[in-house]
Amino acid sequence: MAARARKTLRHFDPAARGALEGVRVVDLSRLVAGNVLTKVLADHGAEVIKVEPPAGDSLRAWKVKGVETSWKAFCRNKRSLCLDLRAPEGVEIVRRLAQDAAMLVESFRPGVLEAMGLAPNDLLALNPKLVIIRVSGWGQTGPYRHKPGFGTLVEGYAGFAALNGFGDREPVLPPMFMADAYAGLYGASAAMIALHHANRTGEGQVVDLSLFEPIFAVLEPQMANWRLTGQVKPRTGSRSTNTAPRNAYRTKDGRWLGLSTSTQAVFVRLMQSIGRPELAEDPRFRSNPDRLRHIEELDAVVRDAVADMTIEEALEKFDRDGVTIGPIMDVRDLDADSYIAEREALIEVPDDEMPDGVLPMHGEVPRLSRTPGILRNPAPTLGNDNAAILAPLLGEAEYARLSGAGVIKG
(Lines give C-alpha, C1' and ligand atoms only; values in the text may rest on other atoms or scores of the structure.)
Protein backbone atom coordinates (compact mmCIF):
# COMPACT_ATOMS: atom_id res chain seq x y z
CA MET A 1 0.00 0.00 0.00
CA ALA A 2 1.29 3.46 -0.90
CA ALA A 3 2.05 5.86 1.92
CA ARG A 4 -0.64 8.34 2.84
CA ALA A 5 -0.30 11.76 1.30
CA ARG A 6 0.03 14.39 3.98
CA LYS A 7 -3.34 16.08 4.48
CA THR A 8 -4.04 19.58 5.71
CA LEU A 9 -4.86 19.41 9.41
CA ARG A 10 -7.77 21.75 10.04
CA HIS A 11 -9.09 22.80 13.44
CA PHE A 12 -12.65 23.65 14.35
CA ASP A 13 -13.13 27.30 15.21
CA PRO A 14 -16.31 28.17 17.14
CA ALA A 15 -15.92 31.78 16.03
CA ALA A 16 -15.91 30.91 12.31
CA ARG A 17 -18.53 32.70 10.22
CA GLY A 18 -19.88 31.89 6.77
CA ALA A 19 -22.08 33.45 4.11
CA LEU A 20 -25.24 32.04 5.73
CA GLU A 21 -24.53 33.51 9.17
CA GLY A 22 -27.84 34.37 10.84
CA VAL A 23 -29.83 31.71 8.96
CA ARG A 24 -31.33 29.36 11.55
CA VAL A 25 -32.38 25.91 10.34
CA VAL A 26 -34.44 23.58 12.53
CA ASP A 27 -33.59 20.08 11.31
CA LEU A 28 -35.97 17.26 12.25
CA SER A 29 -34.68 14.94 9.51
CA ARG A 30 -33.10 11.54 9.95
CA LEU A 31 -30.48 9.53 8.05
CA VAL A 32 -28.82 10.82 4.88
CA ALA A 33 -30.82 13.08 2.55
CA GLY A 34 -31.83 15.70 5.09
CA ASN A 35 -28.41 15.62 6.72
CA VAL A 36 -26.66 16.14 3.37
CA LEU A 37 -28.98 19.08 2.72
CA THR A 38 -28.32 20.74 6.06
CA LYS A 39 -24.59 19.93 5.94
CA VAL A 40 -24.26 22.14 2.86
CA LEU A 41 -26.02 24.94 4.71
CA ALA A 42 -24.04 24.42 7.93
CA ASP A 43 -20.72 24.33 6.08
CA HIS A 44 -21.52 27.83 4.84
CA GLY A 45 -22.46 29.31 8.18
CA ALA A 46 -26.11 28.47 8.82
CA GLU A 47 -27.02 27.60 12.39
CA VAL A 48 -28.41 24.08 11.96
CA ILE A 49 -30.18 22.77 15.05
CA LYS A 50 -30.64 19.01 14.91
CA VAL A 51 -33.73 18.07 16.91
CA GLU A 52 -33.13 14.43 17.81
CA PRO A 53 -35.27 11.84 19.60
CA PRO A 54 -33.97 10.22 22.80
CA ALA A 55 -32.34 7.44 20.75
CA GLY A 56 -30.65 10.02 18.52
CA ASP A 57 -30.73 10.42 14.75
CA SER A 58 -30.69 6.95 13.18
CA LEU A 59 -27.49 7.96 11.41
CA ARG A 60 -25.66 7.64 14.72
CA ALA A 61 -26.21 3.88 14.63
CA TRP A 62 -24.11 3.47 11.49
CA LYS A 63 -20.86 2.82 13.31
CA VAL A 64 -17.55 1.35 12.18
CA LYS A 65 -15.53 -0.19 15.01
CA GLY A 66 -17.71 1.74 17.42
CA VAL A 67 -17.11 5.12 15.78
CA GLU A 68 -20.02 7.15 14.36
CA THR A 69 -18.23 7.89 11.09
CA SER A 70 -21.37 8.77 9.09
CA TRP A 71 -22.63 11.06 11.83
CA LYS A 72 -19.26 12.79 12.11
CA ALA A 73 -19.09 13.32 8.35
CA PHE A 74 -22.63 14.56 7.71
CA CYS A 75 -23.27 16.50 10.90
CA ARG A 76 -20.22 18.67 11.46
CA ASN A 77 -21.00 22.34 12.10
CA LYS A 78 -24.44 21.46 13.52
CA ARG A 79 -25.95 21.70 17.02
CA SER A 80 -28.00 19.03 18.80
CA LEU A 81 -31.15 19.20 20.88
CA CYS A 82 -32.64 16.01 22.29
CA LEU A 83 -36.41 16.22 22.74
CA ASP A 84 -39.24 13.78 23.30
CA LEU A 85 -41.60 14.83 20.51
CA ARG A 86 -44.25 12.43 21.79
CA ALA A 87 -44.78 14.95 24.56
CA PRO A 88 -46.85 18.05 23.71
CA GLU A 89 -44.23 20.22 25.40
CA GLY A 90 -41.58 18.84 23.04
CA VAL A 91 -43.68 19.75 20.02
CA GLU A 92 -44.28 23.19 21.49
CA ILE A 93 -40.51 23.73 21.73
CA VAL A 94 -40.18 22.95 18.02
CA ARG A 95 -42.97 25.39 17.29
CA ARG A 96 -41.18 28.10 19.25
CA LEU A 97 -37.90 27.37 17.48
CA ALA A 98 -39.66 27.62 14.11
CA GLN A 99 -40.98 31.08 14.95
CA ASP A 100 -37.46 32.51 14.71
CA ALA A 101 -36.07 30.16 12.07
CA ALA A 102 -35.49 30.69 8.36
CA MET A 103 -35.99 27.01 7.51
CA LEU A 104 -37.39 23.80 8.93
CA VAL A 105 -36.35 20.45 7.47
CA GLU A 106 -38.19 17.18 8.16
CA SER A 107 -38.15 13.66 6.74
CA PHE A 108 -41.13 11.95 8.34
CA ARG A 109 -43.60 10.01 6.25
CA PRO A 110 -46.20 12.31 4.69
CA GLY A 111 -48.89 13.13 7.23
CA VAL A 112 -46.73 12.59 10.33
CA LEU A 113 -45.83 16.26 10.70
CA GLU A 114 -49.51 17.14 10.62
CA ALA A 115 -50.34 14.44 13.18
CA MET A 116 -47.68 15.91 15.48
CA GLY A 117 -49.40 19.28 15.39
CA LEU A 118 -46.75 20.87 13.16
CA ALA A 119 -48.71 21.15 9.91
CA PRO A 120 -47.02 23.50 7.42
CA ASN A 121 -50.00 25.88 7.35
CA ASP A 122 -49.82 26.20 11.13
CA LEU A 123 -46.07 26.83 11.04
CA LEU A 124 -46.47 29.42 8.28
CA ALA A 125 -49.14 31.15 10.34
CA LEU A 126 -46.56 31.50 13.12
CA ASN A 127 -43.74 32.49 10.76
CA PRO A 128 -44.90 33.58 7.30
CA LYS A 129 -41.31 33.65 5.93
CA LEU A 130 -40.50 30.08 6.99
CA VAL A 131 -39.14 27.74 4.32
CA ILE A 132 -40.27 24.18 5.08
CA ILE A 133 -38.38 21.39 3.30
CA ARG A 134 -40.23 18.08 3.43
CA VAL A 135 -38.02 15.10 2.51
CA SER A 136 -39.75 11.81 1.70
CA GLY A 137 -39.22 8.83 -0.52
CA TRP A 138 -42.01 9.46 -2.98
CA GLY A 139 -43.29 12.97 -2.29
CA GLN A 140 -46.16 14.49 -0.38
CA THR A 141 -48.70 13.65 -3.10
CA GLY A 142 -49.41 10.72 -5.38
CA PRO A 143 -50.31 7.07 -4.84
CA TYR A 144 -46.96 6.14 -3.26
CA ARG A 145 -46.83 8.95 -0.69
CA HIS A 146 -47.18 6.51 2.23
CA LYS A 147 -44.70 3.91 0.97
CA PRO A 148 -41.35 3.48 2.76
CA GLY A 149 -38.83 5.95 1.41
CA PHE A 150 -35.49 4.15 1.32
CA GLY A 151 -33.01 5.13 -1.37
CA THR A 152 -32.59 1.52 -2.53
CA LEU A 153 -36.23 1.35 -3.61
CA VAL A 154 -35.95 4.67 -5.42
CA GLU A 155 -32.71 3.73 -7.20
CA GLY A 156 -34.48 0.68 -8.60
CA TYR A 157 -37.74 2.43 -9.46
CA ALA A 158 -36.16 5.49 -11.11
CA GLY A 159 -34.37 3.37 -13.73
CA PHE A 160 -30.84 3.71 -12.43
CA ALA A 161 -30.27 0.06 -11.51
CA ALA A 162 -31.66 -1.10 -14.87
CA LEU A 163 -28.90 0.89 -16.59
CA ASN A 164 -26.10 -0.08 -14.22
CA GLY A 165 -23.97 -3.20 -14.62
CA PHE A 166 -23.42 -5.67 -17.44
CA GLY A 167 -26.03 -6.91 -19.88
CA ASP A 168 -25.55 -10.59 -19.06
CA ARG A 169 -25.90 -10.06 -15.30
CA GLU A 170 -28.38 -8.68 -12.81
CA PRO A 171 -29.09 -4.95 -12.47
CA VAL A 172 -26.73 -3.32 -9.98
CA LEU A 173 -27.80 -0.98 -7.19
CA PRO A 174 -25.25 1.68 -6.20
CA PRO A 175 -22.94 0.85 -3.27
CA MET A 176 -23.44 4.29 -1.70
CA PHE A 177 -26.25 6.68 -0.74
CA MET A 178 -26.85 7.87 -4.29
CA ALA A 179 -30.55 8.77 -4.22
CA ASP A 180 -30.21 10.38 -0.79
CA ALA A 181 -27.16 12.37 -1.85
CA TYR A 182 -28.82 13.69 -5.01
CA ALA A 183 -31.91 14.62 -3.00
CA GLY A 184 -29.83 16.38 -0.38
CA LEU A 185 -27.93 18.42 -2.96
CA TYR A 186 -31.07 19.29 -4.92
CA GLY A 187 -32.71 20.12 -1.59
CA ALA A 188 -29.96 22.54 -0.58
CA SER A 189 -30.37 24.48 -3.82
CA ALA A 190 -34.17 24.42 -3.48
CA ALA A 191 -33.88 25.71 0.09
CA MET A 192 -31.75 28.65 -1.03
CA ILE A 193 -34.12 29.45 -3.93
CA ALA A 194 -37.04 29.49 -1.49
CA LEU A 195 -35.06 31.53 1.04
CA HIS A 196 -34.24 34.12 -1.61
CA HIS A 197 -37.94 34.37 -2.44
CA ALA A 198 -38.84 34.68 1.24
CA ASN A 199 -36.31 37.43 1.80
CA ARG A 200 -37.53 39.32 -1.26
CA THR A 201 -41.28 38.95 -0.72
CA GLY A 202 -41.81 37.88 2.89
CA GLU A 203 -43.47 34.68 1.67
CA GLY A 204 -42.34 31.32 2.96
CA GLN A 205 -43.31 28.09 1.24
CA VAL A 206 -43.12 24.31 1.29
CA VAL A 207 -40.46 22.43 -0.68
CA ASP A 208 -41.76 18.94 -1.55
CA LEU A 209 -38.49 17.00 -1.94
CA SER A 210 -38.78 13.32 -2.84
CA LEU A 211 -35.82 10.98 -3.11
CA PHE A 212 -37.27 9.76 -6.40
CA GLU A 213 -37.37 12.87 -8.55
CA PRO A 214 -33.75 14.07 -8.22
CA ILE A 215 -32.22 10.76 -9.32
CA PHE A 216 -34.92 10.35 -11.97
CA ALA A 217 -34.08 13.84 -13.28
CA VAL A 218 -30.35 13.18 -13.68
CA LEU A 219 -31.08 10.19 -15.93
CA GLU A 220 -32.30 12.43 -18.72
CA PRO A 221 -32.55 12.16 -21.72
CA GLN A 222 -33.35 8.45 -21.37
CA MET A 223 -37.08 8.89 -21.87
CA ALA A 224 -36.67 10.99 -25.02
CA ASN A 225 -34.25 8.42 -26.43
CA TRP A 226 -36.73 5.64 -25.71
CA ARG A 227 -39.53 7.52 -27.47
CA LEU A 228 -37.30 8.10 -30.50
CA THR A 229 -35.91 4.59 -30.85
CA GLY A 230 -38.34 2.27 -29.10
CA GLN A 231 -35.27 0.63 -27.59
CA VAL A 232 -34.57 0.20 -23.89
CA LYS A 233 -30.99 1.28 -23.22
CA PRO A 234 -29.02 -1.87 -22.37
CA ARG A 235 -26.63 -2.36 -19.50
CA THR A 236 -23.21 -1.96 -21.06
CA GLY A 237 -20.86 -2.14 -18.11
CA SER A 238 -18.32 0.67 -18.45
CA ARG A 239 -19.04 1.17 -22.13
CA SER A 240 -21.12 4.05 -23.43
CA THR A 241 -23.92 3.96 -25.97
CA ASN A 242 -22.94 7.47 -27.07
CA THR A 243 -19.19 7.31 -27.74
CA ALA A 244 -16.55 4.66 -28.37
CA PRO A 245 -14.16 3.59 -27.13
CA ARG A 246 -15.17 4.25 -23.53
CA ASN A 247 -14.35 1.55 -21.03
CA ALA A 248 -12.19 0.33 -18.16
CA TYR A 249 -8.95 -1.33 -19.24
CA ARG A 250 -6.51 -3.39 -17.20
CA THR A 251 -2.79 -2.65 -17.20
CA LYS A 252 0.10 -5.12 -17.10
CA ASP A 253 0.45 -4.67 -13.33
CA GLY A 254 -3.21 -5.39 -12.62
CA ARG A 255 -4.42 -1.81 -12.23
CA TRP A 256 -7.34 -0.25 -14.06
CA LEU A 257 -7.69 2.80 -16.27
CA GLY A 258 -10.83 4.62 -17.40
CA LEU A 259 -10.88 5.95 -20.96
CA SER A 260 -13.28 8.31 -22.70
CA THR A 261 -12.99 9.42 -26.34
CA SER A 262 -15.87 11.88 -26.50
CA THR A 263 -14.46 13.73 -29.53
CA GLN A 264 -13.02 12.66 -32.85
CA ALA A 265 -9.74 14.42 -32.08
CA VAL A 266 -9.21 12.39 -28.91
CA PHE A 267 -9.89 9.15 -30.80
CA VAL A 268 -7.30 10.06 -33.42
CA ARG A 269 -4.75 10.89 -30.70
CA LEU A 270 -5.48 7.56 -29.00
CA MET A 271 -4.82 5.61 -32.19
CA GLN A 272 -1.61 7.52 -32.75
CA SER A 273 -0.50 6.99 -29.15
CA ILE A 274 -0.90 3.20 -29.29
CA GLY A 275 0.91 3.00 -32.62
CA ARG A 276 -2.18 2.30 -34.76
CA PRO A 277 -2.78 5.62 -36.61
CA GLU A 278 -4.17 3.78 -39.64
CA LEU A 279 -7.21 2.72 -37.63
CA ALA A 280 -8.44 6.32 -37.50
CA GLU A 281 -9.15 5.94 -41.25
CA ASP A 282 -10.39 2.35 -41.06
CA PRO A 283 -14.03 2.27 -42.35
CA ARG A 284 -15.03 0.39 -39.20
CA PHE A 285 -13.78 3.18 -36.95
CA ARG A 286 -13.82 6.35 -39.04
CA SER A 287 -16.80 7.94 -37.26
CA ASN A 288 -18.33 7.52 -33.84
CA PRO A 289 -21.39 5.62 -35.17
CA ASP A 290 -18.98 3.30 -37.00
CA ARG A 291 -17.04 2.70 -33.82
CA LEU A 292 -20.18 1.93 -31.83
CA ARG A 293 -21.14 -0.69 -34.44
CA HIS A 294 -17.71 -2.32 -34.20
CA ILE A 295 -17.04 -1.82 -30.52
CA GLU A 296 -15.86 -5.38 -29.86
CA GLU A 297 -13.03 -5.16 -32.40
CA LEU A 298 -12.06 -1.65 -31.27
CA ASP A 299 -12.13 -2.53 -27.56
CA ALA A 300 -9.85 -5.49 -28.23
CA VAL A 301 -7.28 -3.19 -29.87
CA VAL A 302 -7.28 -0.77 -26.94
CA ARG A 303 -7.37 -3.53 -24.35
CA ASP A 304 -4.30 -5.23 -25.83
CA ALA A 305 -2.38 -1.96 -26.01
CA VAL A 306 -3.09 -1.04 -22.39
CA ALA A 307 -2.31 -4.57 -21.21
CA ASP A 308 1.29 -4.15 -22.47
CA MET A 309 1.94 -1.19 -20.14
CA THR A 310 2.14 -0.67 -16.40
CA ILE A 311 -0.18 1.96 -15.01
CA GLU A 312 2.70 4.42 -14.61
CA GLU A 313 3.83 3.87 -18.20
CA ALA A 314 0.29 4.22 -19.53
CA LEU A 315 -0.49 7.39 -17.59
CA GLU A 316 2.77 9.04 -18.60
CA LYS A 317 2.34 8.11 -22.26
CA PHE A 318 -1.32 8.98 -22.64
CA ASP A 319 -0.99 12.22 -20.71
CA ARG A 320 1.90 13.27 -22.95
CA ASP A 321 -0.10 12.37 -26.05
CA GLY A 322 -3.26 14.21 -24.97
CA VAL A 323 -5.42 11.11 -24.50
CA THR A 324 -8.21 11.41 -21.91
CA ILE A 325 -7.43 8.42 -19.74
CA GLY A 326 -7.00 8.21 -15.99
CA PRO A 327 -6.65 5.78 -13.09
CA ILE A 328 -9.61 4.09 -11.45
CA MET A 329 -8.97 4.75 -7.79
CA ASP A 330 -10.04 3.06 -4.57
CA VAL A 331 -9.82 4.51 -1.06
CA ARG A 332 -6.24 3.27 -0.65
CA ASP A 333 -5.22 5.16 -3.75
CA LEU A 334 -7.16 8.26 -2.76
CA ASP A 335 -5.56 8.37 0.69
CA ALA A 336 -2.13 8.32 -0.96
CA ASP A 337 -2.98 10.80 -3.72
CA SER A 338 -1.27 14.19 -3.75
CA TYR A 339 -4.01 15.90 -5.81
CA ILE A 340 -6.66 14.98 -3.24
CA ALA A 341 -4.45 16.29 -0.44
CA GLU A 342 -3.22 19.49 -2.11
CA ARG A 343 -6.69 20.40 -3.32
CA GLU A 344 -7.95 19.84 0.25
CA ALA A 345 -10.71 17.68 -1.16
CA LEU A 346 -9.82 15.51 1.83
CA ILE A 347 -8.72 17.11 5.07
CA GLU A 348 -8.08 15.88 8.60
CA VAL A 349 -9.47 17.16 11.88
CA PRO A 350 -8.52 16.18 15.42
CA ASP A 351 -10.57 13.27 16.76
CA ASP A 352 -9.72 11.26 19.87
CA GLU A 353 -11.82 8.29 18.72
CA MET A 354 -9.62 7.64 15.71
CA PRO A 355 -6.53 5.43 16.15
CA ASP A 356 -4.07 8.12 15.06
CA GLY A 357 -6.01 11.01 16.58
CA VAL A 358 -7.26 12.51 13.32
CA LEU A 359 -10.44 12.00 11.32
CA PRO A 360 -10.31 12.28 7.53
CA MET A 361 -13.30 14.07 6.01
CA HIS A 362 -14.16 15.91 2.84
CA GLY A 363 -13.46 19.60 2.55
CA GLU A 364 -16.25 22.10 2.16
CA VAL A 365 -18.17 21.91 -1.12
CA PRO A 366 -18.80 24.08 -3.10
CA ARG A 367 -15.81 26.43 -3.07
CA LEU A 368 -16.54 30.16 -2.91
CA SER A 369 -13.78 32.71 -3.34
CA ARG A 370 -15.12 35.47 -1.06
CA THR A 371 -17.13 33.40 1.43
CA PRO A 372 -15.48 29.97 1.75
CA GLY A 373 -16.99 27.21 3.82
CA ILE A 374 -16.16 26.91 7.49
CA LEU A 375 -15.36 24.38 10.17
CA ARG A 376 -17.11 25.66 13.28
CA ASN A 377 -17.59 22.54 15.39
CA PRO A 378 -17.43 18.76 15.12
CA ALA A 379 -20.63 16.74 14.91
CA PRO A 380 -22.32 17.22 18.29
CA THR A 381 -22.99 14.64 20.96
CA LEU A 382 -26.66 13.90 21.56
CA GLY A 383 -28.31 16.85 23.26
CA ASN A 384 -25.02 18.75 23.40
CA ASP A 385 -26.71 22.15 22.92
CA ASN A 386 -29.83 21.68 25.04
CA ALA A 387 -28.93 24.23 27.68
CA ALA A 388 -27.29 26.77 25.37
CA ILE A 389 -30.31 26.96 23.05
CA LEU A 390 -33.28 26.13 25.28
CA ALA A 391 -32.52 27.84 28.58
CA PRO A 392 -32.64 31.32 26.97
CA LEU A 393 -35.70 30.34 24.93
CA LEU A 394 -37.70 28.82 27.79
CA GLY A 395 -36.21 30.45 30.84
CA GLU A 396 -34.17 28.64 33.44
CA ALA A 397 -37.14 27.46 35.52
CA GLU A 398 -39.08 26.01 32.59
CA TYR A 399 -35.93 24.45 31.18
CA ALA A 400 -35.29 22.73 34.52
CA ARG A 401 -38.90 21.57 34.73
CA LEU A 402 -38.95 20.03 31.25
CA SER A 403 -35.57 18.43 31.81
CA GLY A 404 -36.84 16.88 35.00
CA ALA A 405 -39.98 15.70 33.23
CA GLY A 406 -37.92 13.95 30.53
CA VAL A 407 -39.17 16.16 27.68
CA ILE A 408 -35.65 17.51 27.22
CA LYS A 409 -33.21 14.63 27.13
CA GLY A 410 -29.48 14.11 27.15
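Remarks
- Pairs with C-alpha atoms separated by more than 23 Å, drawn from the list 39/63; 65/147; 50/72, are 65/147.
- Against the empirical 2.2 N^0.38 Å (N residues), segment 220-262 has a Cα radius of gyration ratio of 1.51.
- Rg to Rh quotient for segment 1-157, alpha carbon positions, Kirkwood Rh: 1.01
- Net charge dipole size for segment 236-308 [Lys, Arg +1 and Asp, Glu -1 on Cβ; Debye, nearest 20]: 240
- Rounded percent of accessible protein surface that carbon and sulfur make up, segment 269-342, 1.4 Å probe: 51
- Kirkwood hydrodynamic radius over Cα pairs of segment 121-252, then Stokes diffusion coefficient at 37 °C and 0.692 mPa s, in µm²/s: 190
- Think of the chain as a dipole: +1 on every Lys or Arg Cβ, -1 on every Asp or Glu Cβ, centred on the Cα centre; then among 384, 190, 33, 190 lies furthest on the positive end.
- Dimensionless Rg over Rh [segment 263-318; C-alpha; Kirkwood]: 0.97
- Whole-number accessible area per residue in Å² for the chain, which is evaluated in the context of all protein chains at 1.4 Å: 51
- Per residue, the convex hull spanned by the Cα atoms of segment 85-197 measures out at 124 cubic angstrom.
- Rg ratio for segment 145-217: its Cα radius of gyration over 2.2 N^0.38 Å, N being its residue count, equals 1.40.
- Averaging over all projection directions, the Cα-based convex hull of segment 328-410 occupies 9.1 nm² in the image plane.
- Put a plus charge on the Cβ of each Lys and Arg, a minus charge on the Cβ of each Asp and Glu, and nothing anywhere else: the dipole of the chain about its Cα centre is then about 500 debye.
- Magnitude of the charge dipole, segment 243-385, Cβ model with Lys/Arg +1 and Asp/Glu -1, debye to 20: 840
- For segment 263-324 and segment 89-130, distance of Cα centres in Å: 58
- Share of Cα-Cα pairs in segment 221-376 lying beyond 28 Å, as whole percent: 42
- Column: log10 I(q)/I(0), Debye, Cα scatterers of the chain, q = 0.06, 0.11, 0.13 Å⁻¹: -0.33, -0.95, -1.18
The values are calculated or read from the model by the stated rules, or taken from the named source; none is laboratory data. Just so we're clear, the structure is a prediction, and the values are computed from it rather than from any experiment. Methodologically, a virtual Cβ is constructed for each residue, glycine included, from the backbone with ideal geometry; neighbour enumeration extends over all protein chains shown. Side chains included, ligands, DNA and RNA excluded: accessible areas come from the protein's heavy atoms. Shrake-Rupley method; radii C 1.70, N 1.55, O 1.52, S 1.80 Å.
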